[in-house]
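Student: Dropping the structure in here first, questions after.
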Amino acid sequence: MTTLLETRALTKRFGGAQVINGIDFQVTAGEIRCVIGPNGAGKSTFFKLITGEHRPSEGSVHFLGRDMSHVLPHERIRMGMSIKFQIPGVFPELTVRQHLQLGLHRARDDRPESLDALLQRFMLEQEESVLASNLSHGKKQWLEIAMAVSLGPKLLFLDEPVAGMSVEETHATGELIMRLREAGLTIMVVEHDMTFVKQIASRVSVLHGGRLFADGPLDEILARDDVAEIYLGRKK
Amino acid sequence: MNQLKSASQRTPRAGAVSLAIKLVPWLVAFCLPLVVDGNTSGNFAYCLVWAFCAVGLAAMWGYGGILSFGQTAFFGMSGYTYGIVTLNLGESWISSWAGLVVGLLVSVVAAALIGYMIFYGRIKGVFIGIVTLSVTLVLETFMAQTAGPQWAIGAARLNGYNGMGDMPQLTIPWPGGPLTLENASFYYLVLALLFVVYWVTRKMLDGTFGLALVAIRENPQRAEMLGIDIRRHQLLIFVFGCTLGGLSGALYTIWGSYITPSTMGLTSAAMPVIWVATAGRKSIGGAILGTALLVWLSQYLAIYGSQYALILMGAILLIVVLFAPEGLLPFVLKLMRSLATRPQTPRRHGPRDAFEAQKGE
Amino acid sequence: MTTLSLLYSLIYQFGDNFAYLVLAALGLAVIFGMMGVINLAHGEFIMCGAYVTIITAKHGVPLPLAMLLGAVAAAIAGVIIERLVIRHLYDRLFDSVVATWAISLIVQQTMLLVAGPSLEGIGTPFGSFSLGEYSFSTYRAVLPGIALGILFALYWLFFKTNYGVCARATIQNAKIAQCLGLRTDRLYTLTFALGAGLAGLTGALYAPTMTAVPTMGSNFIVQAFVSVVVGGANVIAGTTPAAGILALIQTGLTASYGQLFGQIGLLVTVIVVIRLMPQGLGNLFTRSR
């Protein structure tokens with residue numbers, strides 16, 4: 001049971017506001033960890049601290065046992081992190097194939113079979129030569145996840161992967177993510193959609209007011225009253 | 001319009017036609033000196049000399065999204081270096097080629113230093129343009145006041161606005177005595193260099209390096225999260241583009257045996273931007289063709305009434321920016337394509353049609 | 001006595017450089033601050049003001065009125081250019097830089113054709129005075145004062161008038177300003193005209209001190225964007241102190257090494273400042289519209 005990612009007393013202040021408040025957090029290899037919490041709890045900031053976009057005011061992030069304090073974002077990617085943002089981040093003038101080529105090249109894997117395997121796994125075979133700007137919303141999200149996966153990462157971050165998706169698309173995405181886990185990927189997901197969380201999560205961490213409020217297996221967390229309280233009205 | 005074409009997309013027949021279209025201008029260019037006299041060949045060479053500068057800017061701007069106003073600075077640096085080296089080393093063929101090589105090296109080093117400061121200093125957007133423009137102005141201001149005799153490097157006087165001249169041209173060793181490359185022979189040298197540069201640039205930009213550049217240009221944050229080192233890519237394309245500007249400068253100096261600070265001035269700095277913006281900055285071949293044509297046009301106008309040349313250039317640029325920001329060539333191509341695919345069936349106009357039409361935008 | 005006159009000579013130089021930097025920068029800063037547009041035709045508005053001033057003064061119009069006419073002419077030209085060209089490019093700020101460059105080229109060359117390579121100036125008014133062994137132009141000694149006066153007027157305009165409030169609201173958040181019913185398009189036209197008019201005023205003020213050539217704008221534009229880049233687009237709180245610091249640097253370098261190094265020193269300062277403060281200056285440009 002290796003710890004892939006760890007944060008120790010991670011804290012972030014923006015001016016006078018304490019957005020992240022001393023979080024100790026671990027992700028074990030092979031799990032799907034869902035991070036939930038009401039809006040403003042600091043989930044996106046937490047992500048950005050881990051990927052290196054923000055520098056912590058205090059505390060540290062450790063990946064594969066190494067202290068990431070002086071490691072730049074693109075170097076962290078090289079080490080095995082991969083992220084899919086909340087805001088759609090495709091390249092409008094590139095085709096689906098070119099998106100995947102970008103990632104595969106980074107992973108030093110230029111074999112055509114790898115590209116075809118990705119297209120198949122993410123159900124994008126029909127759209128191979130389509131420009132990303134012409135894809136439907138759901139397919140754009142899948143393309144982004146595919147891009148993140150094409151890097152061959154050890155740890156995959158998904159920030160609200162099913163935002164804006166229909167019920168069927170959400171379920172299909174859930175299946176996709178579980179298959180990724182079976183293939184050996186460790187995945188960390190931020191999501192609001194509780195049906196989706198129930199579908200995929202092994203463990204759940206609850207963020208509230210910049211702190212780690214609760215942390216444990218899915219059923220345990222969902223059964224707690226205090227979690228339901230801070231999360232009032234959020235359950236789908 | 002997807003500027004990076006994958007070979008698998010094209011049918012074999014379409015591929016052959018496209019290749020033929022690409023080769024035709026080269027063939028025509030190759031045959032030109034055979035049908036015109038030496039002097040005219042020399043003039044054509046003059047038009048082509050500027051193309052390197054344009055290719056460099058197109059690569060930096062169209063692919064990398066870096067608008068540099070500094071092409072003329074490197075133009076001047078390499079040009080003056082050629083003069084300094086050859087005026088000091090003498091008339092031998094070694095001296096002339098050394099001048100060219102050293103001239104290019106000077107641009108490479110300068111571009112690397114300036115580029116490092118810009119990209120590793122996280123300067124972005126228009127401020128890159130401002131810094132490069134400042135560099136150009138500093139250089140011009142400096143060179144402009146070097147008219148006095150104390151401003152000399154070895155045997156080469158910098159000469160301020162009087163210009164540095166009388167430097168030897170490129171020569172190659174030849175059985176009967178060194179052969180000066182001028183007129184037709186110089187034209188072929190430039191054409192050969194241009195072909196090599198075109199091929200190398202295409203190779204580089206069509207591969208994953210070019211892909212990464214486009215990604216950086218369109219969504220730098222996402223590109224970084226794909227593990228792409230943005231600064232390194234930008235520095236590389238910057239050095240590449242600026243060095244090509246230097247190549248133009250060195251060849252220009254060789255062509256005319258003359259160089260002045262006005263080639264580095266504010267007005268001159270606008271020229272590459274005009275050519276590339278007009279021809280379409282995302283097309284390397286287009287940049288070459290457009291530059292050659294526009295330079296030829298200004299030369300032609302200069303003979304018949306020079307004052308209008310620059311006004312026309314400015315007007316062209318303005319029209320292009322307002323109405324065809326992708327460039328004239330792409331605009332015309334798009335127009336032709338849309339004319340060719342006009343629907344044949346009659347349409348009924350209704351609210352649904354308007355909605356569909358809007359979606360199609 | 002000689003040290004006093006030397007001291008005054010330095011102060012005079014400083015004031016002269018300061019006035020030049022501030023006046024050159026004002027119009028550019030106003031337009032950049034409001035719309036994020038870097039108006040490379042700025043120099044041509046200055047030229048316009050200078051030419052109109054000289055021509056009307058030569059026809060007997062009293063100098064102050066001629067200067068006013070110069071400024072107004074430039075403002076009108078600004079309105080025309082904003083409506084015809086600039087307003088189509090607010091969502092394409094890169095292209096607006098190139099477009100204004102094109103306009104600058106066209107105007108310069110047209111003026112060259114129409115008005116010839118130079119226009120004989122009108123003499124500098126008020127003569128000169130001397131202190132010790134140095135003699136100074138009274139007019140140029142007064143210019144810094146005029147520059148400060150204009151700055152105060154601008155401060156009053158931006159902070160004490162309705163236009164000022166609307167303008168500052170639009171700078172800070174154009175979308176919300178629109179939702180509040182502010183006619184942002186008219187505001188942009190007015191502001192561009194203000195910027196152009198200020199440039200014209202600069203040209204008018206300097207007209208008596210130099211020979212008018214069609215390319216005279218180029219001299220000003222270097223100083224202008226140096227001040228704007230170092231100081232930021234905030235005219236009062238940014239450009240003014242920036243001009244002060246730059247004038248110090250320039251005066252110091254010129255006194256020690258000559259005119260050329262003063263000029264180069266300015267340009268190097270731009271590069272250094274951008275290098276050291278890319279975030280601060282960059283934020284001004286990435287403004288949501």
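The values are calculated or read from the model by the stated rules, or taken from the named source; none is laboratory data. Computed from a prediction, not measured in an experiment: that's the story for all the values here. Cβ atoms come from the backbone with ideal geometry, glycine included; neighbour counts cover every protein chain shown.
Student: Out of C:GLY123, C:GLY70, which single residue is away from every other protein chain (no Cβ under 14 Å) and outside any helix (DSSP H, G or I)?
Tutor: The match here is C:GLY123.
Student: Here are A:ARG97, A:ARG55: which of them is surrounded by fewer than 21 Cβ atoms within 10 Å (Cβ to Cβ), under 25 Å from B:PRO220 (Cα atoms), out of contact with any strand residue (DSSP E or B) (no Cβ under 7 Å at 6 or more places or on another chain) and away from chain B (no Cβ under 13 Å)?
Tutor: Matching residue, one of A:ARG97, A:ARG55: A:ARG55.
Student: Which residues, taken from the range A:162-174, are assigned to a loop (DSSP other than H, G, I, E, B) and in contact with a Phe, Trp or Tyr (Cβ under 8 Å, 6 or more places away or on another chain)?
Tutor: Within the range A:162-174, just A:VAL162 meets the criteria.
Student: State which residue pairs qualify: first residue buried (at least 18 other Cβ atoms within 10 Å of the Cβ) and inside the range A:171-195, second residue of a type in the set (Ser, Thr, Tyr) and not in a strand (DSSP E or B) in any location, beta carbons under 7 Å apart, and separation of 6 or more residues or different chains.
Tutor: A:ASP193/A:THR170
Student: Would you check if A:PHE85 is crowded, with 17+ Cβ neighbours inside 10 Å, closer than 26 Å to A:GLU182 by Cβ and modelled with pLDDT under 85?
Tutor: yes
Student: Hey, another quick one. Counting only residues that are of a type outside the set (A, V, I, L, M) and surrounded by 22 or more Cβ atoms within 10 Å (Cβ to Cβ), which one in the range A:1-32 is farthest from A:MET79 (Cα to Cα)?
Tutor: My answer is A:LYS12.
Student: Take the residues in the range C:94-114 that are more than 7 Å from chain B (Cβ to nearest Cβ) and of a type in the set (A, V, I, L, M), then tell me which one is surrounded by the fewest Cβ atoms within 10 Å (Cβ to Cβ).
Tutor: C:VAL114
Student: Then there is this: Of the residues that make up the range C:108-119, is at least one out of contact with any Gly (no Cβ under 7 Å at 6 or more places or on another chain), in a loop (DSSP other than H, G, I, E, B) and within 15 Å of B:GLN307 (Cα to Cα)?
Tutor: yes
Student: Of everything in the range B:190-203 that's of a type in the set (A, V, I, L, M) and surrounded by fewer than 18 Cβ atoms within 10 Å (Cβ to Cβ), which residue is farthest from B:CYS242 (Cα to Cα)?
Tutor: Taking the candidates together, the pick is B:ALA192.
Student: Could you pull out every one of the helices (runs of 4 or more DSSP H) wholly within the range B:183-297 that has 3 or more residues that are more than 14 Å from chain A (Cβ to nearest Cβ) and more than 16 Å from the chain's Cα centre (by Cα)?
Tutor: Once the helices (runs of 4 or more DSSP H) in the range B:183-297 are filtered for at least 3 residues that are more than 14 Å from chain A (Cβ to nearest Cβ) and more than 16 Å from the chain's Cα centre (by Cα), what remains is B:184-206, B:230-256.
Student: Next up: So which residues in the range B:152-177 are part of a loop (DSSP other than H, G, I, E, B) and in contact (Cβ under 8 Å) with a residue 12 or more places away in the chain?
Tutor: Residues satisfying the conditions are B:GLY154, B:ALA155, B:LEU158, B:ASN159, B:GLY163, B:ASP166, B:MET167, B:PRO168, B:GLN169, B:LEU170, B:PRO173.
Student: A further question follows. When residues of the range B:88-131 are filtered for being of a type in the set (Val, Ile, Thr) and not in a helix (DSSP H, G or I), how many remain?
Tutor: 1
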